[in-house]
Amino acid sequence: MASHIVGYPRMGPKRELKFALESFWDKKSSAEDLQKVSADLRASIWKQMADAGIKYIPSNTFSYYDQVLDTTAMLGAVPDRYNWNGGEIGFDTYFSMARGNASVPAMEMTKWFDTNYHFIVPELGPNTKFSYASHKAVNEYKEAKAQGVDTVPVLIGPVTYLLRSKPAKGVENNFCLLSLLEKILPIYKEVVAELKAAGASWIQFDEPNLVLDLEPSQLEAFTKAYAGLESTLSGLNVIIETYFADVPAEAYKTLTALKGVTGFGFDLVRGNKTLDLIKNGFPSGKYLFAGVVDGRNIWANDLDASLITLKNLEGIVGKDKLVVSTSNSLLHTAVDLINETKLDSEIKSWLAFAAQKVLEVNALAKALAGQKDEAFFSANAAAQASRKSSPRVTNQAVQKAAAALKGSDHRRATTVNSRLDAQQKKLNLPILPTTTIGSFPQTVELRRVRREYKAKKIPEADYVKAMEAEIRKVVDLQEELDIDVLVHGEPERNDMVEYFGEQLSGFAFTANGWVQSYGSRCVKPPIIYGDVSRPKPMTVFWSSKAQSMTKRPMKGMLTGPVTILNWSFVRNDQPRFETCYQIALAIKDEVEDLEKAGITVIQIDEAALREGLPLRKAEHNFYLDWAVHSFRITNVGIQDTTQIHTHMCYSNFNDIIHSIIDMDADVITIENSRSDEKLLSVFREGVKYGAGIGPGVYDIHSPRIPSMEEIADRVDKMLAVLDTNILWVNPDCGLKTRKYGEVKPALQHMVSAAKQIRTKL
Ligand code: GLN
Ligand code: ZN
């Protein structure tokens, strides 16, 4: 019985690659230093898997930046602007594409399916020239082999590669990316031939695009691609790996009929219909790579349950054709539990990071082969049982309250128009009211105080004093700038999810549970392990303090339930919506406490609402229904005169505009740095909505300070589409990452622009 790992995190257990990359980029270390750290990481990963007993160990899942960019390099598809002169692509060209250089900006980056991993989007057109320009896959195969490990080289499949690309500038509207298949297949053939010559006996093509809603012509491309590769692939065993969802029935038919393929990999964690597809027909003589160990989460596998599933599958595909695997690349989970010293042993026993998942896969494979490690299995069963029965997980009152929300439809009793009228009587705001999205610049000194307080190195009183002084500074500045609705600046917050997670029950935090987000950047999501409740108010102290410093309205600032959910590792023992409802109830209590404390404007950020959108259309409505409902639950209980704002960090929601409106917020601020009037007309046309809208009037992600004229021009353009009485004037997102030297003049220009336009209206 065999075991297989789809892919492995490349950052290292203590983010060694991150530090090596950043030091290389800062010219503090050489290319050789970076190569050495990387080679050591690869060697230790291969050894770890080989020692564990994994049969099919992946190679070429390491990357200096991104595996899609690696594929672009392999195909030599470098956009002209990087002035690449051919030959093997080196660090210069590679990192210029990834990060830009002094004269050319980087290529676009976007989310890899529904993960928080971002890839570099290939730009392809009819004139793109392809050539075999990176031998990385072959080099890594040989490197592992020299260390005594015969690996399965992993390539992103040709169809997924093309379908993740975007048409190059100038051909946006009339170019079919799949028309390039014939041009890239010859390069794939060269790579495959070289891998074969180097001694590879297996090869893996990742084709996750197969889990999406596909047109028949897109499905045909898979058939064409693998028929085209068939002769080169002969003599090799080929795995086509899918992940992130089940494969729709039509795609399953296409997939399992592909020529020259030996085995198929499926995500059996998220793919809830896949088992039925397999039962109804799996090609005889082919291998099934059964992804039963979750690569998207940090929970220990329920080994007994997995064993039952695997035994069922064995009955269908045959004992020698079943391979135990992970649901997807372990890239999307944390690296190694061994470095978690802060977590208590009970919670730790419930978890498995990548290194532990490798052991789980292996233990399952051995158990199927009749060599069950009884001690490993019984420790696992004990941990599963403790997780089920632990009083830390279950809170009956919370369960009951959340269950009561199901199937009902909570919303504020009045329309947004009448609420806005009531609010205006109280707030008395000018037209085109000005505000910001929450955070103000965070200085080194500020971060130091926060860190030292957390480490208990300074007394609480000192910390409170420092935060108060900071809030005072931010309030004074906003009054001086004459902003209408103020914020306290969020100096007490390190991160908009962590800050709330730390104060809610049911959350745990890791020391090293990093997951790559893009390039050298990693995130450390909190772990939601139990029923969520709010022991005491979380933000009321700071918000009321800030409100006491000014007569102007001070926005209470909260992170919404959907964003907290989507940016955490979520428990897998109940549906996501139940966890979301629990968080919503906790935030609802906070909203009501803020109102009681005299806060009249409350912003509930839902930066990540769109991110949770399922991959397939058929599932969108279900998600949007409970996500939007969760948001509404947070503020059903308040008076008409309390104004609810929400903020979203993106502007491409043409397709979900009805859900955004259904959130029933009084004011929506959105990121709009690539100002697009089309977006605004979506708002206007979609509904006679009436709520306030604040599309960011300048991009805060850049240090550039916009002029007053430029901002005024932008606001004028917005006014051509939106009514004066609904438009708010605010920048994009939070100002946390900027410097005061940039923020002050930019906000000054923003307020002057608003004032100037007011006089013209
Ligand atoms: N209120 C948050 C801030 O200003 C919002 C952050 C975000 O949009 N991602 O920092
Ligand atoms: Zn934002």
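The values are calculated or read from the model by the stated rules, or taken from the named source; none is laboratory data. Nothing here was measured: the structure is a model prediction, and the numbers come from that model. A quick note on method: Cβ atoms are made from the backbone with ideal geometry, for glycine too, and the neighbour counts reach across all protein chains shown.
Observations
- Cβ separations smaller than 7 Å between residues 6+ apart or across chains give the following pairs from the stretch 5-25 residues that are buried (at least 22 other Cβ atoms within 10 Å of the Cβ) to residues that are outside any helix (DSSP H, G or I) and acidic (Asp, Glu): VAL6/GLU241.
- The requirement of being of a type in the set (A, V, I, L, M, F, W, C), more than 16 Å from the chain's Cα centre (by Cα) and either crowded, with 19+ Cβ neighbours inside 10 Å or at pLDDT below 95 (or both) is satisfied by ILE602.
- Being among the aliphatic types (A, V, I, L, M) and assigned to a loop (DSSP other than H, G, I, E, B) holds for only one residue in ALA98, ALA102, ALA137, ALA73, and it is ALA102.
- When GLY199, GLY235 are screened for being in contact with a Lys or Arg (Cβ under 8 Å, 6 or more places away or on another chain), surrounded by fewer than 18 Cβ atoms within 10 Å (Cβ to Cβ) and within 14 Å of PRO153 (Cα to Cα), only GLY199 passes.
- Out of ILE458, ILE437, sole residue that is within 16 Å of ligand 1 (Cβ to nearest atom), outside any strand (DSSP E or B) and at pLDDT 95 or above: ILE437
- The number of residues in the stretch 347-375 that are touching a residue at least 40 places away in the same chain (Cβ under 8 Å) and over 28 Å from the mean Cα position of the chain (by Cα) comes to 8.
- Check on TYR453, surrounded by 15 or more Cβ atoms within 10 Å (Cβ to Cβ), part of a helix (DSSP H, G or I) and within 16 Å of ligand 2 (Cβ to nearest atom): no
- Number of residues in the stretch 722-741 that are part of a helix (DSSP H, G or I) and crowded, with 17+ Cβ neighbours inside 10 Å: the value is 1.
- Conditions (1) within 16 Å of ligand 2 (Cβ to nearest atom); (2) at pLDDT below 90; (3) of a type in the set (Gly, Ala, Ser): number failed by GLY694: (2)
- The residue list LYS545, LYS555 contains one member that is touching a residue at least 60 places away in the same chain (Cβ under 8 Å), within 23 Å of GLU492 (Cβ to Cβ) and part of a strand (DSSP E or B), which is LYS555.
- Boolean, SER408 is more than 16 Å from ligand 1 (Cβ to nearest atom), polar (S, T, N, Q), at pLDDT below 95 and in contact with a helix residue (DSSP H, G or I) (Cβ under 9 Å, 6 or more places away or on another chain): yes
- Conditions (1) under 20 Å from ILE693 (Cα atoms); (2) in contact with a strand residue (DSSP E or B) (Cβ under 6 Å, 6 or more places away or on another chain); (3) within 16 Å of ligand 2 (Cβ to nearest atom): number failed by PHE440: (1)
For (1) within 16 Å of ligand 1 (Cβ to nearest atom); (2) part of a strand (DSSP E or B); (3) at pLDDT below 90; (4) surrounded by fewer than 20 Cβ atoms within 10 Å (Cβ to Cβ), each residue gets a yes or a no:
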{"residue": "VAL628", "(1), (2), (3), (4)": "no, no, no, no"}
{"residue": "ILE633", "(1), (2), (3), (4)": "no, no, no, no"}
{"residue": "THR646", "(1), (2), (3), (4)": "yes, yes, no, no"}
{"residue": "ILE668", "(1), (2), (3), (4)": "yes, yes, no, no"}
{"residue": "SER681", "(1), (2), (3), (4)": "no, no, yes, yes"}
{"residue": "LYS688", "(1), (2), (3), (4)": "no, no, yes, yes"}
{"residue": "ARG704", "(1), (2), (3), (4)": "no, no, yes, yes"}
{"residue": "GLU710", "(1), (2), (3), (4)": "no, no, no, yes"}
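- Annotation note: of LEU432, LEU420, the sole residue that is assigned to a loop (DSSP other than H, G, I, E, B), more than 16 Å from ligand 1 (Cβ to nearest atom) and surrounded by 16 or more Cβ atoms within 10 Å (Cβ to Cβ) is LEU432.
- Residue tally, condition within 16 Å of ligand 1 (Cβ to nearest atom), part of a loop (DSSP other than H, G, I, E, B) and in contact (Cβ under 8 Å) with a residue 12 or more places away in the chain, over the stretch 461-497: 10
- Near pairs, Cβ below 7 angstrom, 6+ apart or cross-chain, from the stretch 317-329 (at pLDDT 95 or above) to any residue that is acidic (Asp, Glu): LEU322/GLU314; SER327/ASP267; SER327/ASP294; ASN328/ASP267
- Pairs are defined by a Cβ separation below 8 Å, a sequence spacing of at least 6 or placement on different chains, a first member in the stretch 615-627 that is farther than 22 Å from ILE564 by Cβ, and a second member that is of a type in the set (D, E, K, R); the pairs so defined are ARG616/ASP213; LYS617/ASP213; ALA618/ASP213.
- Scanning the stretch 632-651 for residues that are within 16 Å of ligand 2 (Cβ to nearest atom) and either over 24 Å from LYS425 (Cβ atoms) or in contact with a Pro (Cβ under 6 Å, 6 or more places away or on another chain) (or both) turns up HIS647, MET648, CYS649, TYR650, SER651.
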